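The values are calculated or read from the model by the stated rules, or taken from the named source; none is laboratory data. It should be emphasised that the depicted structure is a prediction, and the values quoted were computed from it without experimental measurement. All Cβ positions, glycine included, derive from the backbone under ideal geometry; neighbour counts span all protein chains shown.
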Amino acid sequence: MTETRAAARPRRAIGFWALVIFVGMAVALHWRIAPLSPGGFLPQAHLGSYSLRDLYGFASQVGADPGAVALYTRLLAWVDPAFVLLFSLWVVLSFDNRTLGICLALVFALLDLTENGMLLYLLSAMRWEYFFVNFDDMPVPVLTDAPLFLSWITSAKLVMAASLVLIIAGQALRTRLQSRTKP
């Protein structure tokens, strides 16, 4: 990573705004949505497998609050894609090998946006506010395996985002240490 301070400014600004959006989403999700769901379950932040039953519990509890449904839908449909765009651009600008940066950013964006689309589809298929009394009678046999696949996408997205941040931080630290040791 050999860039001048002037060249680093756009990358830092993009990273800063991605972080601001991320923190804003986290605050909204954890203060407004998580308290409504069983055990604070948030599908897009759950590392590990979750089932259709978990997603149904989330949808039935959060779906009882129209304001929460509107907020969650806006976060998935508008705010998170803005974060994905800025985070992906930050990743591209942070790698010396632009081709590698573009590929990693595209994979992350594909995972995150696919997850958003699947969540919006599944939650709308459950019709948020129109729930059945008995889960076992819920007529969605086609969707039975979708949340399991969705949970793998969520886990891959979270691991990839954390890995990218750690790799970029490691590169920046290495560059900083190298610049201090040069005469």
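In table form, for the structure just shown:
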item	result
Filtered residue count, segment 95-113, keeping only those that are modelled with pLDDT under 95 and either part of a helix (DSSP H, G or I) or buried (at least 19 other Cβ atoms within 10 Å of the Cβ) (or both)	2
Sole exception among (1) out of contact with any Gly (no Cβ under 8 Å at 6 or more places or on another chain); (2) more than 30 Å from R53 (Cα to Cα); (3) of a type in the set (A, V, I, L, M); (4) at pLDDT 90 or above for A172, by number	(4)
Failed item in (1) buried (at least 19 other Cβ atoms within 10 Å of the Cβ); (2) on the phi > 0 side of the Ramachandran plot, with G39 passing the rest	(1)
Hits in segment 38-61 - residues which are over 20 Å from D112 (Cβ atoms) and free of Cβ contacts under 8 Å to residues at least 40 places away in the same chain	P38, G39, G40, G57, Q61
Residue within segment 47-70 that is in a helix (DSSP H, G or I), polar (S, T, N, Q) and closer than 20 Å to L158 by Cα present	no
Residues of segment 78-94 satisfying the condition of being of a type outside the set (D, E), surrounded by 13 or more Cβ atoms within 10 Å (Cβ to Cβ) and without any contact (Cβ under 8 Å) to a residue 60 or more places away in the chain	V79, P81, V84, L85, S88, V92
Filter result for the condition that a residue is aromatic (F, W, Y) and at pLDDT below 95, over F41, F87, F83	F41
When residues of segment 128-151 are limited to those that are part of a helix (DSSP H, G or I) and surrounded by 15 or more Cβ atoms within 10 Å (Cβ to Cβ), the one modelled with the lowest pLDDT	L143
